[in-house]
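One structure is given here, and the rest of the page talks about it.
The values are calculated or read from the model by the stated rules, or taken from the named source; none is laboratory data. Predicted model only: the values in this text are computed from it and were never measured. Note: ideal-geometry Cβ built from the backbone for every residue, glycine included; neighbour counts use all protein chains shown. Surface accessibility is based on the protein's heavy atoms, side chains included, excluding ligands, DNA and RNA. Shrake-Rupley method; radii C 1.70, N 1.55, O 1.52, S 1.80 Å.
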Amino acid sequence: LFYSCDKDEKDEVKKVKIGAQDNAATGGFYSVAENKVYTMDQGFQNQGAIDIECFYEAAGGNNIAIASPGTNITGIFTGNSSVENWTIKNTTYFNKTTLTVEQFDALAETDQLIETSYDTAIDSRKAKDLKVDDIYAFKVEAGNYGLFKVTEVVQDSTGSVAFEVKVKK
């Protein structure tokens with residue numbers, strides 16, 4: 001008897017949900033390398049691991065947005081563990097892509113398109129006013145490239161954003 005243990009060619013989909021600053025149920029800080037969500041207090045204890053944070057701010061049209069600790073956003077997070085008090089503030093850059101949902105879904109984490117979708121000419125330290133099916137390219141401070149596709153948005157400071165993420169291997 002022979003058994004096959006061939007792995008499916010498709011990568012496992014990484015689904016992430018992070019909450020805005022007043023969301024008590026869902027952590028708002030994400031480590032790309034660890035594929036792990038942290039609360040603000042946990043993020044404070046693991047500052048070097050955090051690449052992405054979620055926040056809500058109606059002023060300026062940010063609404064539900066993601067950024068990174070290195071964006072130096074002030075007046076949003078409060079308390080002793082506030083990002084303003086962090087000593088390590090990784091910076092992640094984002095840019096909205098023209099990729100379709102179908103193109104994103106078909107990508108494997110080894111595809112070069114993940115890296116080449118990132119455009120330094122239009123990068124930003126925030127991905128703001130997120131909408132379902134938006135696809136953003138990003139580059140974390142450690143140099144890794146990735147893409148994320150927004151799958152759910154709940155506006156408000158108690159809101160959240162959910163996305164699928166693919167990081168270039």
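For Phe104, the stated conditions hold: it is surrounded by 15 or more Cβ atoms within 10 Å (Cβ to Cβ) and not in a loop (DSSP other than H, G, I, E, B). Looking across the stretch 139-169, the residues that are modelled with pLDDT of 95 or more and among the basic types (Lys, Arg) come down to Lys139, Lys149, Lys166, Lys168. Provide a single number: the residues in the stretch 117-160 that are part of a strand (DSSP E or B), closer than 16 Å to Phe104 by Cβ and β-branched (Val, Ile, Thr). Total satisfying the criteria: 3. Residues in the stretch 18-67 that are of a type in the set (Asp, Glu), within 17 Å of Ser160 (Cβ to Cβ) and under 11 Å from the mean Cα position of the chain (by Cα): Glu53 alone. Report whether or not Thr91 is open to solvent by 10 Å² or more (accessible area, probe 1.4 Å) and at pLDDT 95 or above. Yes: the conditions hold for Thr91. What are the residues in the stretch 31-48 that are closer than 17 Å to Thr92 by Cα and free of Cβ contacts under 8 Å to residues at least 24 places away in the same chain, if any? Across the stretch 31-48, the qualifying residues are Ser31, Glu34, Lys36, Val37, Tyr38, Asn46. Scanning the stretch 22-43 for residues that are outside any strand (DSSP E or B), in contact with a helix residue (DSSP H, G or I) (Cβ under 8 Å, 6 or more places away or on another chain) and open to solvent by 30 Å² or more (accessible area, probe 1.4 Å) gives Ala33, Glu34, Met40. For the stretch 50-68, does any single residue satisfy the condition of being part of a loop (DSSP other than H, G, I, E, B), out of contact with any Ser or Thr (no Cβ under 9 Å at 6 or more places or on another chain), farther than 22 Å from Asn95 by Cα and touching a residue at least 40 places away in the same chain (Cβ under 8 Å)? No, the stretch 50-68 contains no residue that is part of a loop (DSSP other than H, G, I, E, B), out of contact with any Ser or Thr (no Cβ under 9 Å at 6 or more places or on another chain), farther than 22 Å from Asn95 by Cα and touching a residue at least 40 places away in the same chain (Cβ under 8 Å).
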